[in-house]
Amino acid sequence: MTKYGIIVHGGAWDWPDEQDAFKTPYLEESARIGRDILAAGGSALDAVEKAVNYLEDAPTFEAGTGVPPNRNGVAQLDALIVDGRTRDFGSVAAVERVKYPITLARKVMEETAHCMFVGAGADELARELGMPLIPNIELVDEKSWRAFVERDERVLKPQWGKSQPLNAEHVSHQPLSHDTVGAVAIDQNGNVAAATSSSGSPFKPAGRVGDAPLLGSGGFALNGVGAVSCTGNGENIMRLLLAKYAADKMAEGMSAQQAADAAVSYMSSVYPNPMTGMIVVDAHGNLAYASSTPKIAVCYTAGDQIKTAFRA
Ligand code: GLY
């Protein structure tokens, strides 16, 4: 029997330490949900989906409900799920009426002949596959909506410049978070899976899609190698195919921690302030995380315990 385990994340950037206490119970419950599935002999795929569903519902992260809108005042959500057992994946981008994008991504993988759906077609698919559609405004965080309505330029101005994201001034003016969520797990049979769900960068231009739904960027999983879920500046992550980079390092023999560190170092060698974090599990059941940011919100199984951390 393989050593099973799960690690979840709730974004990587530089939020004030006093917000840690607010994030902690959500991270812990998410990891507990995944752990209980794995302990009962459930699949890594079920564990990451259900753990991420919980984080999609949590008010403090930017996935599912409670997210900032884009520049047009509309929430657009991205998600990716990867099954390391089958090498298959499902993903959705810019969905506007689905409460649980990661579940829609799984349905894309398991109930269609395709891998990725976007926009209105993805919402329409959700309805066809029996998922309830909700009004877009129900996905939007109230505080972010007020900022949008009041046209608060400090908040609405673009935050991530090309190759040189989030400078110190933006950080100090940033009252909102950018907290993609994700989970990677290994089950008792040694199967690995990854899930990533995000509303992308706050007040992004309409139609902008980040790394989260892109295989090899926002996530990757392959049995015998490991699984990865990324967070941070999606443009940088997708330019470097960061999740695949970390997986390739594990395929070359690195542990989860070595691969995570190597991926963040690689990113930092290309971009001076890459705003990147990731969680990783390797084929031996080792869990790891790393970030270029001062903080990353993670929670993971360690034997019988659940541990939370906010710094790499
Ligand atoms: N990492 C999430 C995004 O950039 O959209």
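At a glance:
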item	result
The chain: translational diffusion in µm²/s, Stokes-Einstein, Kirkwood Rh over Cα pairs, 20 °C, 1.002 mPa s	116 µm²/s
Where C115, C299 fall by accessible area, highest first, once all protein chains stay in place (1.4 Å)	C115, C299
Rounded percent of accessible protein surface that carbon and sulfur make up, the chain, 1.4 Å probe	51 percent
Sequence of M267, M1 when ordered by accessible area, the most exposed leading, probe 1.4 angstrom	M1, M267
If the convex hull is drawn through the Cα atoms of the range 251-312, its volume per residue in Å³	66 Å³
Using θ = phi - 60° and Karplus 6.51 cos²θ - 1.76 cosθ + 1.60, couplings along the range 237-251 (whole Hz; Gly, Pro as x)	5, 6, 4, 9, 6, 5, 5, 5, 4, 5, 5, 4, 5, 5, 4
Neighbour net charge for I134 - beta-carbon separation under 13 angstrom, K R +1, D E -1	-2
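The values are calculated or read from the model by the stated rules, or taken from the named source; none is laboratory data. All figures in this text were calculated on a predicted structure; none of them were measured in a lab. Virtual Cβ from ideal backbone geometry, glycine too; neighbours counted across all protein chains shown. Areas reflect the complete protein model, heavy atoms only, side chains present, ligands, DNA and RNA absent. Shrake-Rupley method; radii C 1.70, N 1.55, O 1.52, S 1.80 Å.
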